[in-house]
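The values are calculated or read from the model by the stated rules, or taken from the named source; none is laboratory data. Predicted model only: the values in this text are computed from it and were never measured. Counting neighbours? That spans all protein chains shown, and the Cβs are built from the backbone with ideal geometry, glycine included.
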Amino acid sequence: MRKWRTSKRSPRGGGVIAEFPAGIFLLFLGFFFPMLGLSTWAYRTLFVYYATRDACSVAAKSPSHALAVSNADRIWKRDLGTWTEVQEVPGGGAGHQVFIVERPINQSGTSTENVYSARLKSYDTTSNVYLIRFVATTKIAPLIGNLESTGSWLNTKIPGFTAPFTLQTTHEEFVEDPDSLTN
């Protein structure tokens, strides 16, 4: 025999309706905002990597050291100018620098390398390989912008989400023509 409910109040339905806004808030706070911040941070960081790689590649293919520095500067500024969320951090005279790296071919024991910021006077391709190293320092804007002037969101300073963060990228490529390092 079936027992019929005579009460009009449902013991299970009221709790779900009362907890729904809190559940949605926790879902957005705990999952959606962190994933949105992570994806924003990832694509901006990836952009900086590609800009660094492009500038280094152009510098490594240049016919002279002076032209390598100016070509890398031109490509870096062109790539960086397309994004407003990424800014160059001036440091050491510039936010980006081009170096010549000289590494010995026969490395026995510890690896030693010489790093030059100016052009080479001479080179030795029988015992060394030569690379161009491009180093850039950038400041990546937070996902939730304009918080530096108004304070912080929920009294937190999370780099990449509510506060900007500084990123230094380095890329190296082999020099195609070592003669270009002495010009």
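Selection over segment 45-68 of residues that are closer than 26 Å to T84 by Cβ and buried (at least 20 other Cβ atoms within 10 Å of the Cβ) gives a count of 7.
Scanning segment 54-64 for residues that are farther than 13 Å from L131 by Cβ and part of a helix (DSSP H, G or I) gives D54, A55, V58.
Answer yes or no as to whether G37 is under 15 Å from the mean Cα position of the chain (by Cα) and closer than 16 Å to S117 by Cβ. Here the answer is no, as G37 does not meet what is asked.
Among all residues of segment 27-44, there is none that is touching a Lys or Arg at 6+ places or on another chain (Cβ under 6 Å) and surrounded by 15 or more Cβ atoms within 10 Å (Cβ to Cβ). A22 falls short on exactly one of the conditions (1) modelled with pLDDT of 80 or more; (2) surrounded by 10 or more Cβ atoms within 10 Å (Cβ to Cβ), and that condition is (2). Any residue that is closer than 18 Å to T40 by Cα, crowded, with 18+ Cβ neighbours inside 10 Å, at pLDDT 85 or above and touching a Pro at 6+ places or on another chain (Cβ under 7 Å) - is there at least one of those in segment 150-170? Scanning segment 150-170, I find no residue that is closer than 18 Å to T40 by Cα, crowded, with 18+ Cβ neighbours inside 10 Å, at pLDDT 85 or above and touching a Pro at 6+ places or on another chain (Cβ under 7 Å), so the answer is no.
Pairing residues of segment 116-139 that are under 29 Å from L46 (Cα atoms) with residues that are of a type in the set (A, V, I, L, M, F, W, C) and part of a loop (DSSP other than H, G, I, E, B), at Cβ distances under 7 Å and at least 6 apart in sequence or on separate chains, gives V129/I105; Y130/V175; L131/V175; I132/V175; T137/V89; T138/V89; K139/V89. Looking across segment 97-121, not a single residue is among the β-branched types (V, I, T), at pLDDT below 80 and not in a loop (DSSP other than H, G, I, E, B). Condition test on A94, is it at pLDDT 90 or above and surrounded by 10 or more Cβ atoms within 10 Å (Cβ to Cβ)? Criteria not met by A94.
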